[in-house]
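Inspection log for the structure reproduced underneath, given as structure tokens.
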Amino acid sequence: MTRLRADAARSRDAILCAARRIPRGELRLNDVAREAGVGVATVYRHFPTVAALSEALSLDSIQRLRVLAGEAERTPDAGAALHTLLAAALELQLADEGVQAVITAPDAELGAAREAKCAFVTSLRAALERAQDAGAVRPDITVDHVRRMLCGVEHAVRLGSPDDRPVLLDVVLGGLRPARAAEPSSSSPTPQTAGS
């Protein structure tokens with residue numbers, strides 16, 4: 001039994017190593033099997049779908065997101081904590097192209113990925129609500145809005161240049177702030193009264 005477990009662990013490691021050499025959008029289980037030097041059935045036994053394999057490749061990043069969100073939930077300055085979390089989450093998404101698919105999917109296939117994602121979303125929601133209670137974030141923003149906006153910034157950065165990241169993130173963070181009531185400008189013309 002110990003020998004079988006060791007063989008299975010080696011096969012799993014070989015599959016993951018092979019999958020990391022293939023662009024995430026081009027993952028095919030048959031190709032991964034060939035690259036890893038194992039049978040297709042072995043790959044399917046460990047990862048029944050491409051989504052499950054992609055989740056395994058991004059598991060460390062998802063778990064890191066969970067830790068960061070937990071820290072934001074406990075940081076005294078709620079507004080600054082949420083901004084720091086979103087900046088770090090964007091960095092992780094840009095470094096690991098599989099993160100976006102995991103955090104936007106309705107559910108994760110792997111138990112570990114599902115647990116980490118649920119914990120991340122729970123802490124993100126708590127951090128967002130704290131920031132809203134503190135008046136740092138507009139009240140009509142939801143956690144789903146935040147997740148999609150992060151993915152939008154990631155996509156925009158990938159389409160352009162890494163140098164675009166700070167300004168695009170700043171635009172999103174600015175949009176999260178509560179709208180201020182428009183104040184009349186001192187240069188605005190004085191309304192004319194009837195007959196003047």
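The values are calculated or read from the model by the stated rules, or taken from the named source; none is laboratory data. None of these values were measured; they are calculated from a predicted model. Quick reminder, even Gly has a Cβ in these numbers, built from the backbone with ideal geometry, and neighbours come from all protein chains shown. Quick note on the areas: whole protein, heavy atoms, side chains included, nothing else; ligands and nucleic acids left out. Shrake-Rupley method; radii C 1.70, N 1.55, O 1.52, S 1.80 Å.
So that you can scan it fast, the table gives a plain yes or no per residue for (1) more than 16 Å from the chain's Cα centre (by Cα); (2) under 30 Å from residue 167 (Cα atoms); (3) among the hydrophobic types (A, V, I, L, M, F, W, C):
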| position | (1), (2), (3) |
| --- | --- |
| 9 | yes, no, yes |
| 16 | yes, no, yes |
| 24 | no, yes, no |
| 33 | yes, no, yes |
| 38 | yes, no, yes |
| 82 | no, yes, yes |
| 91 | no, yes, no |
| 113 | no, no, yes |
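Put simply, of 35, 109 the only residue that is open to solvent by 60 Å² or more (accessible area, probe 1.4 Å), in contact (Cβ under 8 Å) with a residue 60 or more places away in the chain and either among the aliphatic types (A, V, I, L, M) or touching a helix residue (DSSP H, G or I) at 6+ places or on another chain (Cβ under 7 Å) (or both) is 109.
It is to be established whether one or more residues within region 47-62 are surrounded by 18 or more Cβ atoms within 10 Å (Cβ to Cβ) and in contact with a Ser or Thr (Cβ under 7 Å, 6 or more places away or on another chain). So far as region 47-62 goes, no, none of its residues is surrounded by 18 or more Cβ atoms within 10 Å (Cβ to Cβ) and in contact with a Ser or Thr (Cβ under 7 Å, 6 or more places away or on another chain).
Taking region 129-161 as the search range and keeping residues that are assigned to a loop (DSSP other than H, G, I, E, B) and among the charged types (D, E, K, R), which one is surrounded by the most Cβ atoms within 10 Å (Cβ to Cβ)? So that I can check it myself, show each step before the final result.
First, the residues of region 129-161 that are assigned to a loop (DSSP other than H, G, I, E, B): 134-142, 160-161.
With the extra rule that they be among the charged types (D, E, K, R), the set shrinks to 138, 140.
Details: 138: 14, 140: 9.
Top of the filtered list is 138.
Is it fair to say residue 18 is small (Gly, Ala, Ser), open to solvent by less than 50 Å² (accessible area, probe 1.4 Å) and at pLDDT 95 or above? So residue 18 fits the description; yes.
Give the residue, chosen from 74, 64, 125, 130, that is free of Cβ contacts under 8 Å to residues at least 12 places away in the same chain and not acidic (Asp, Glu). The match here is 74. From the list 26, 73, the lone residue that is farther than 30 Å from residue 177 by Cβ and either modelled with pLDDT under 95 or not acidic (Asp, Glu) (or both) is 26.
For every residue, the table says whether it meets (1) among the acidic types (Asp, Glu); (2) in contact with a strand residue (DSSP E or B) (Cβ under 8 Å, 6 or more places away or on another chain); (3) under 18 Å from residue 60 (Cα atoms); (4) free of Cβ contacts under 8 Å to residues at least 40 places away in the same chain.
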{"site": "104", "(1), (2), (3), (4)": "no, no, yes, no"}
{"site": "137", "(1), (2), (3), (4)": "no, no, no, no"}
{"site": "160", "(1), (2), (3), (4)": "no, no, no, yes"}
{"site": "164", "(1), (2), (3), (4)": "yes, no, no, yes"}
